[in-house]
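The values are calculated or read from the model by the stated rules, or taken from the named source; none is laboratory data. Treat the numbers as computed from the prediction; the structure is a model and nothing was measured. As a convention, Cβ positions derive from the backbone with ideal geometry for all residues, glycine included, and neighbour counts pool all protein chains shown.
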Amino acid sequence: MDQWFENINWTFFLEGALVNLGQAFLAIIAFLIAKAIGNKLITSGFSKMQEQKEMSIGRVKTLEKLTSNAFSYVLIFVFITIVISIFGLDATGLIAGAGIIGLAIGFGAQGLVSDVVTGFFLLLERQIDVEDYVTAAGIDGIVEEVGLRTTLIRGFDGTLHFIPNRNIASVSNHSRGNMRALVDMSISYNDNIDKAVAIMQEVCDRIAAADERIKEGPNVVGVQSLGDSDVVIRVVAKTTNMEQWAVERTLRKELKEALDANGIEIPFPHQVYIEKKNL
């Protein structure tokens, strides 16, 4: 063993190691430059598509993220192959290994295959796009990314949900077409219903004329229900996507102020205490 160490040409060995490290360093620099240029070209290309309005904004962002991820995976594979070749290893073994892994995925990793197949049809059929408000796998939120394996949905509490595509058995997309704003207002049984409806419709007409978010209505559809101590009157409007909650808040405020100004009571629960005294 000692003689084996003595027979090594350490100068040649160190020079070769430094050359390999230098080449690996250059490969890393080339990888980072290629990734930056590629991502810039992808972003630029999809931005032009968005400007030309060839696709919806959500669809463009969906395809942009998917293309960027696919480009990164391919670039990483090429980078690993180059580094292995630099250090004198057989790159064909890596390629053969990738084929074996592919077979293993096909026979063993059925869940992963199911994710990819489901993700493919989600994209092909355009069931969801980035920035859509959806309900999928029991999760409500805004879509941040649609991938071939997972879909990322941001809940309204800020939580980011990573949902395997195979768990998305059905999708409810709330962002296709106009959204509905719905407001129920209560008046007392002693108030005149026709007067209240007329006041509320006047408020609705005024809001519709001033608010561009409203696409249809608002209209007072009439008495929705009769409660224990109130008459419930419903107002319905159609709004642009994701603006329905803001419109509902505006309607509630304006309707409440108008009813108060006209002396129409908005009832609230009362408690009556009866005290029995012994005579």
ask   = Name the pairs whose Cβ atoms lie under 9 Å apart, with the first residue in the range 144-169 and free of Cβ contacts under 8 Å to residues at least 12 places away in the same chain, the second acidic (Asp, Glu), and 6 or more positions between them or separate chains?
value = 152/144; 152/145
message = Checking the conditions here, which among 141, 102 is over 14 Å from residue 167 (Cβ atoms) and at pLDDT 80 or above?
response = 141
query = What is the residue count in the range 137-157 for residues that are part of a strand (DSSP E or B) and either of a type outside the set (Asp, Glu) or within 8 Å of the chain's Cα centre (by Cα) (or both)?
reply = 12
query = Are any of the residues in the range 223-238 part of a helix (DSSP H, G or I), at pLDDT 90 or above and of a type outside the set (D, E, K, R)?
reply = no
remark   = Out of (1) without any contact (Cβ under 8 Å) to a residue 40 or more places away in the chain; (2) not assigned by TED's automatic domain parsing to the domain that holds residue 199, the one residue 266 does not meet is (1)
query = If you check residue 159 against the conditions, is it surrounded by 15 or more Cβ atoms within 10 Å (Cβ to Cβ) and either more than 30 Å from residue 262 (Cβ to Cβ) or of a type outside the set (Ser, Thr, Tyr) (or both)?
reply = no
